[in-house]
Every structure is written in C-alpha cells, then in structure tokens.
Amino acid sequence: MIYSGKAISVKTIDVGIAELCFDLQDESVNKFNALTLNELKEATAAIAADTSLKGVIVTSGKSVFIVGADITEFAVHFGGSEEEIAEKILSINVDIFNAFEDLPIPTVAAFNGIAFGGGLELGLTCDYRVMSETAKIGLPEVKLGIIPGYGGTTRLPRLIGADNAIEWIASGKEQKAAEALRCGAVDAVVAPELLHDAAVSLVKQCIDGKLDHEARRREKQEPLKLNEIEATMVFETSKAFVAGKAGPHYPAPVTAIKVMQKAAGMGRDDALREEAKGIAKMASTLAAKNLIGLFLSDQILARSGKGLAKKARKVERAAVLGAGIMGGGIAYQSAFKGTPIIMKDIAQAGIDLGLSEASKLLSKRVERGQMSVAEMAGVLNKIQPSLSYDDFENVDIVVEAVVENPKVKHAVLKETEAQIRDDAILASNTSTISITHLAEPLERPENFCGMHFFNPVHKMPLVEVIRGEKTGDEAIARTVAYALAMGKKPIVVNDCPGFLVNRILLPYFGAFMGLVKRGVDFTQIDRAMERFGFPMGPAYLSDVVGIDTGVHAGAVMAEGFPERMKYDFKTSHDVMFENKRYGQKNGRGYYAYETDKKGRPKKVVDEEVTALLAPVVDGDETLSEEAIVDSMMIPMCLEAVRCLEDGIAASATDVDLSLVYGIGFPPFRGGALHYMDDFGIDKFVARADELAAAVGPLKAMYLPTEKLREMAASGDTFFGTATSGRK
Ligand SMILES: NC(=O)c1ccc[n+]([C@@H]2O[C@H](COP(=O)([O-])OP(=O)(O)OC[C@H]3O[C@@H](n4cnc5c(N)ncnc54)[C@H](O)[C@@H]3O)[C@@H](O)[C@H]2O)c1
C-alpha cells in the first residue's frame, strides 16, 4: 500500500502502475470535502515520492466517481472577503490539483459514474480519461450561482475547445458518454466492466511511449489556440446569448465566459488565478448564497421525505377520481413514473380528454427521442380508464381531483370510501378547501389527507401533503411515499384554507388588485414583478391559472381569513370574471391571447381592458418600480410569516422551498423568508408600517405580526445568515 486514508487509497496493481481509488468511508458517495482534499494532497506526495512508479490510474470504489465539492462545507470556503476566498481557492488549486497534474508520470482517470464539478475537474488534471457508457460528467456550478473553481474554466476549454466548454459550463448540464467522447472530454468510452482494463491499457501505452502524454498535458497548460478574430467571435456572441438566457439575476454563466475569455491568452497558472477571482466574486453574490441555501434545504427535505416514506406501505396501485386538467395530469405522472393507476370519471368525454392529454405528453417525448414508441405504449397501459369503481378494492391510495365544490367532494369522498379497502388512503387534490372539513362525512378520517398538486402536474415539482385534524401518520407517510415515487417534492403542512402556498399567494393577488384600484397600470406591475424574478407577473399569472379559478379561490380564502382577504371593493378580478374574461383558457383575460407560430398562446395588450377597468379604478397613482415590488411582496411575505407562526409549515425552510417549487418564487432570492432576511427584518417592518398607512382598506394585509416586530427589535433573522441590508 502506497497510501491509505479514510477517503483515498493508493496501491500498486501492476508493475510500476498505481491505482488511486476514491472511497469515502461511511458515505454513499465520494465528494471533495476537506478530508478528501487533504488526503489527495498526501496521496499525491506519496506517489511522487515512490520512484518505482511509472503511471497512475484514478478510480472510485463507489457507484459514482466523485459527485463534486461537499456543498455543506461551502460556508467555510466562501467566508471572508473576495480576496481571501480567491486566495484560499487558488492555494487548493496549486497545492492539490496542480500537484497531481504535475506528477512526473502519466495519469489516467476512469469515470465509472457521476463525475460532476470537482470530480470532473480532478479528471481534467489527468493526461487521459476513459469513461463508462453509463457515466455522466459535467460542471454544474452555475446552478449554484458560482463557477467551476478547481480548474474547470482553465482546463476544459483547452481540452475541448472554447465553444464546447462555454456550452458545458454556462449551461451546467450533465453530459452523457457519447457527447463527452465527441467533444474530446474523454479519450474512450467502454462498457462498465471493461473500464478498469481500459484505464490500465491507456496508462501502459503512455509508459511504453505509444502515447505522448507529455504533449497531451502541455495542451492543457498553454494558452488557448484561438486567434483574435476567432476569440472575439466565440466569446462575444456567446456572452450576449447566455446573458439573454440567464437574465440579470444569474450572473455566474456570463462570468464563467468572461473568465475564460480573459484567461484565453494565458498559461495555466495565470488562468487559474483569473478563475479563482471569478469564483470568489460569484461566491460573494446574494444569488450564490440563496441558491446554495436552497440546494442544502432541498437535501434536508429529501432526507425527511425518504425517512417518512420508509415507514409507509408502498403504493403498488393507485386511482384518481376525475380525469380533468389535474386528474389527467396525475394519471400521466403516476404511470410515467411506474405506478399503475385507475383514472375514473363520470363522463366518457372526461376520460377521453385525460387520455389524449397523456398521449400528447408522451408523443412529445417520443418526438424528442426521449422515449420509444413501445415505452410510450407501456406507460399508457398503466393508465386504466374507468367509469365505475371496479377494481378499487385493489388500490393503496385514491387521489380525488373532481370539481372544487365541497358538497360534490363530500359526496364523492364518502362514496369512494365505501369502495376501497379499510387500509387504503384517500387524498384530496383540493386547492383551497380545509381537509378537516372535507373529512367530516368519512368513516375513517385517519386515512384521509390532502395531496395538493400544482398545474401543470408533470412540470411543477411541489406536492403539499396536508394533515387534517384527524389525519393519521400512515396516511401522511404513504402519500409522501407516493409523491416521491411520482418524482415530486412533497412537503407536509397543516390544514387551513389555502394550505401553505395558496394562502401565501392570495394576499399577493390582493395587493395586485389594490394597486390596480389605485390606478397603477397592471402591465407595469407585471413588468416590475418579472424584473424582480418571477416567471410571470400577477396579471399574466391570473390569466394562466384562470380568472374563474382565482375568483373561486379568493372567495374561499375571504371566508377563511376575512380580516385580511375579504375586500370591500369591486376588484379587477371581479370585472374580468363578469365579462367572461377567464384568461388563457378562453383567449381573453387581463390580456388577449393569440396563437404563435408554434401554436402556443401569446399574450397581447387588449385596449378594451383599460376601459373595462376604469369604473373600479379610483386613483391615478404612478409608483416607482421599487414601490410596486414592496407593495406586492410585503403582503405575501407577511402571510408566509403567519403560516410559520401558526404552525402551517414546520419550518422556515419548508415555507421557502414550497414557494420556489410551487409558484416559481425566484430561486436566486431563496424564498419569501430569505428575501425578508436579506431585506433586513427591521427595514422590512418599517416599510410595511409605512405602506400600511397608505393603502386604506387593505391595511390589515400590510401590518407586521407582533412576533415579527420582536424579531426586528432583537435583530433576529429566519435563517441566521442575513447579509447586511438590501442588495
Ligand atoms: N386546475 C388547477 O390549476 C388546479 C390546481 C391544483 C388543484 N386543483 C384542484 O383539482 C381539482 C380538479 O380540478 P381540475 O382543474 O382538474 O378540474 P376539471 O374541471 O378540469 O376536472 C374535473 C373532472 O372531474 C370529473 N368529475 C366530476 N365529478 C366526478 C365524480 N363524481 N367522479 C369522477 N369524476 C368526476 C369531471 O367530469 C371532470 O372531468 C379541484 O379540486 C381543483 O381545485 C386544480
């Protein structure tokens, strides 16, 4: 044994050939934590000291190669000033990654599974790379708001060309073996069982002088081979394109390109210095702080979901009631992810619609080459359409997705309960009605809970799993397990009208209607909120959700929380509804909808709307963009605070993840409560009070809770990581 540690071992496997194997003790994956980095340094020194060695292969003892840096340690790496962060990162590069690259003998990496971030970057320090057909590699750092920092922006463009490197790094996408080989990121792709032999064979060819590993190594250490015109073409055009795609709130992809551009004429060591400066700059942004925070929160959520699911009986077979927009989507998603499902409706037309929606989604996958026709047929076969309760005694869970009417739901739930086994779970996809109330006519309320999907089901990650007063643990656990099996992110919440997400969203619409009443142009509000980072502004979102749905939800919420959500004025939503402007679904709402070249709805401003709204507008205020954003965000954030205080959500993390996964809250802002921390709780409270005094009848929506005032006074925050003041 040449070196033996807790993460890395180095042993001789053939005459003069060593194998450096990553196998992090007590962990399911390899990652670059402080321990692994330190051992890599020691192992490299041990290899350098062993003069009998003529070559090294780098392998993994796990099913992955190396998943990347240990993100839980980012706080340590990214503490301090930009200069300090750059210094720390540069010294890791020089002492560890360069030291490995500079070994006097040839090196070959064998990617057996995922090699992301630092994992791929270590592979790039090797002279050659061989990859299993099933492995995936990539540099996903931009997804966390940063750029590669262990030589990725330096070595990758020198190896695969600036154009390919820009595509890989700025998109952060994972790459399959065929693409990696095409670009030249790896030198060979083989079947998994041949990987080890292939790596040994490559290193032997280097030792025997059949391959010139030194020339190969030099390519990664010299300036990029681009003349000035080529460099301008590739970097400038891609910068403009990537900036347009990423948007102003996500600076990392463009920064990565700028770093590569600046370093293009430099040798390795100077290029690495530019890279370290680039990552230090990105690591200090609010976007990186919040995206990294979200990633870590997501891991906590995944762990707790899996923990719950383990306790539950697996859902072998499911059923959904209602084959409409939601029921059809639920049936598709269940079947697509492998759980057979009965899709019951009362009307054949409903069933036909549900099936045709599922077929459309699957056909698109076939067209894109993501699925074969046979696989599509397999998925469709897992959906069993039905107009009766036949076979319901064989299901483990039933999701009710019939019309949003408590009387209808009561009748349907009671009827269904009589058809299913005593141990089957019944879950409602209601978007607003209290689960405790829906459980009233049931014999076994302990087996009943909410399972609230978001539209469109196949796209939206969140599922709220709602615990009613009488809901039992198995109902929650099995519903969480089923949501996970469907590839969703379940978050368990307590019961109240609107649950967590819609309860927080409704005051945001209330604020919108208040602004319209005061004379603020709704297109200006949409623009402000889109610039803030939402995928669509509130008027456009209302059209997409459906004005009728919005009005209906508004009525339920007004009953549940009259002090804040009942308005004593005629709203712009009421006007749209009265005029049958239901939104995208009938081509007219706040906007009018035309069909674009690809057949998708395209919104256009409809002059008629201004005239329609005139009678409910009683002011002519013009507000700055900042004032619009504050007016919209404060009621939403305060409702989020109330949900936390009322115990609707279990944690601040759950609140923020729900908003990001459920309504597309701008991820770089981390969620409503992160946004408040970043705003500064004291400043937020002061601003809320200021607006409360100015909004007349909507005052209650803008008043901070007593607990929030106490937080402001004591300097407390939701996450304990607030940056100072607003950015
Ligand atoms: N549409 C959304 O954006 C959305 C989002 C989240 C939750 N939801 C909730 O999901 C539920 C369904 O909404 P939707 O938009 O899919 O409605 P929808 O009108 O598109 O579909 C309802 C379907 O239920 C069927 N149905 C009615 N009574 C039935 C019965 N007794 N048994 C079986 N089927 C019956 C109807 O024929 C229809 O096909 C509602 O509770 C709604 O609040 C909707």
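The values are calculated or read from the model by the stated rules, or taken from the named source; none is laboratory data. This structure is a prediction, so every number in the text was calculated from the model and none was measured. Cβ: placed from backbone, ideal geometry, glycine included. Neighbour counts: every protein chain shown. Please note that ligands, DNA and RNA were not included when accessible areas were found on the heavy atoms of the full protein model with its side chains. Shrake-Rupley method; radii C 1.70, N 1.55, O 1.52, S 1.80 Å.
Some points to look at:
- Residue match in the range 170-183 (condition: under 30 Å from G670 (Cβ atoms), part of a helix (DSSP H, G or I) and in contact (Cβ under 8 Å) with a residue 60 or more places away in the chain): yes
- Reported count of residues in the range 323-346, each being open to solvent by 30 Å² or more (accessible area, probe 1.4 Å) and either without any contact (Cβ under 8 Å) to a residue 40 or more places away in the chain or away from the ligand (no atom under 14 Å from the Cβ) (or both), is 4.
- Complete set of residues in the range 359-397 that are under 30 Å from I425 (Cβ atoms), basic (K, R) and free of Cβ contacts under 8 Å to residues at least 24 places away in the same chain: K360, R365
- Scanning the range 347-363 for residues that are surrounded by fewer than 24 Cβ atoms within 10 Å (Cβ to Cβ) and within 12 Å of the ligand (Cβ to nearest atom) yields a total of 9.
- Condition broken by K262, with the remaining ones in (1) away from the ligand (no atom under 16 Å from the Cβ); (2) open to solvent by 20 Å² or more (accessible area, probe 1.4 Å); (3) touching a residue at least 40 places away in the same chain (Cβ under 8 Å); (4) farther than 29 Å from A652 by Cα satisfied: (3)
- Counted residues, the range 374-408 - those being in contact with a helix residue (DSSP H, G or I) (Cβ under 6 Å, 6 or more places away or on another chain), open to solvent by 40 Å² or more (accessible area, probe 1.4 Å) and away from the ligand (no atom under 14 Å from the Cβ): 1
- Condition met for A256 (out of contact with any Ser or Thr (no Cβ under 7 Å at 6 or more places or on another chain) and either open to solvent by less than 20 Å² (accessible area, probe 1.4 Å) or at pLDDT 95 or above (or both)): no
- Neighbours by Cβ (under 8 Å, 6+ apart or cross-chain): first from the range 518-530, under 14 Å from T610 (Cα atoms) and among the charged types (D, E, K, R); second open to solvent by 20 Å² or more (accessible area, probe 1.4 Å) and not in a helix (DSSP H, G or I): R518/V617; R518/D618; R518/G619; R518/E621
- Note on the range 29-143: enclosed helices (runs of 4 or more DSSP H) holding 2 or more residues that are crowded, with 20+ Cβ neighbours inside 10 Å are 34-49, 82-92, 118-125.
- Residue match in the range 128-150 (condition: closer than 29 Å to R669 by Cβ, more than 18 Å from the chain's Cα centre (by Cα) and hydroxyl-bearing (S, T, Y)): yes
- Near pairs, Cβ below 9 angstrom, 6+ apart or cross-chain, from the range 398-409 (assigned to a helix (DSSP H, G or I)) to any residue that is within 6 Å of the ligand (Cβ to nearest atom): P406/T430; V408/V402; K409/V402; K409/V403; K409/T430
- Look at (1) over 22 Å from G151 (Cβ atoms); (2) surrounded by 18 or more Cβ atoms within 10 Å (Cβ to Cβ); (3) within 28 Å of the chain's Cα centre (by Cα) and you find that K204 fails only one, number (3).
- Restricted to helices (runs of 4 or more DSSP H) entirely inside the range 437-538, those with at least 2 residues that are away from the ligand (no atom under 16 Å from the Cβ) and within 19 Å of G329 (Cβ to Cβ) are 473-485.
- Residue match in the range 409-416 (condition: more than 12 Å from the ligand (Cβ to nearest atom) and of a type outside the set (V, I, T)): no
- Selection status of I433, within 23 Å of G350 (Cβ to Cβ), more than 14 Å from the ligand (Cβ to nearest atom) and either touching a strand residue (DSSP E or B) at 6+ places or on another chain (Cβ under 8 Å) or modelled with pLDDT under 95 (or both): no
- Of the candidates V629, V655, the single residue that is within 18 Å of V685 (Cα to Cα) and of a type in the set (A, V, I, L, M) is V629.
- Of the criteria (1) open to solvent by 40 Å² or more (accessible area, probe 1.4 Å); (2) closer than 24 Å to F668 by Cβ, which one E193 fails: (2)
- Residues in the range 207-228 that are polar (S, T, N, Q) and crowded, with 18+ Cβ neighbours inside 10 Å: 0 in all.
- For the range 547-572, the set of residues classified as open to solvent by 30 Å² or more (accessible area, probe 1.4 Å), assigned to a helix (DSSP H, G or I) and more than 14 Å from the ligand (Cβ to nearest atom) consists of E559, G560, P562, E563, listed by residue number.
- For V544, the criteria (1) surrounded by fewer than 23 Cβ atoms within 10 Å (Cβ to Cβ); (2) among the aliphatic types (A, V, I, L, M); (3) more than 16 Å from the ligand (Cβ to nearest atom) hold in every case but one, which is (3).
- Residue count for the range 313-322 satisfying the condition of being more than 18 Å from G487 (Cβ to Cβ) and within 10 Å of the ligand (Cβ to nearest atom): 2.
- Exactly one residue out of G267, G172, G184 is of a type in the set (G, A, S) and surrounded by 20 or more Cβ atoms within 10 Å (Cβ to Cβ), and it is G172.
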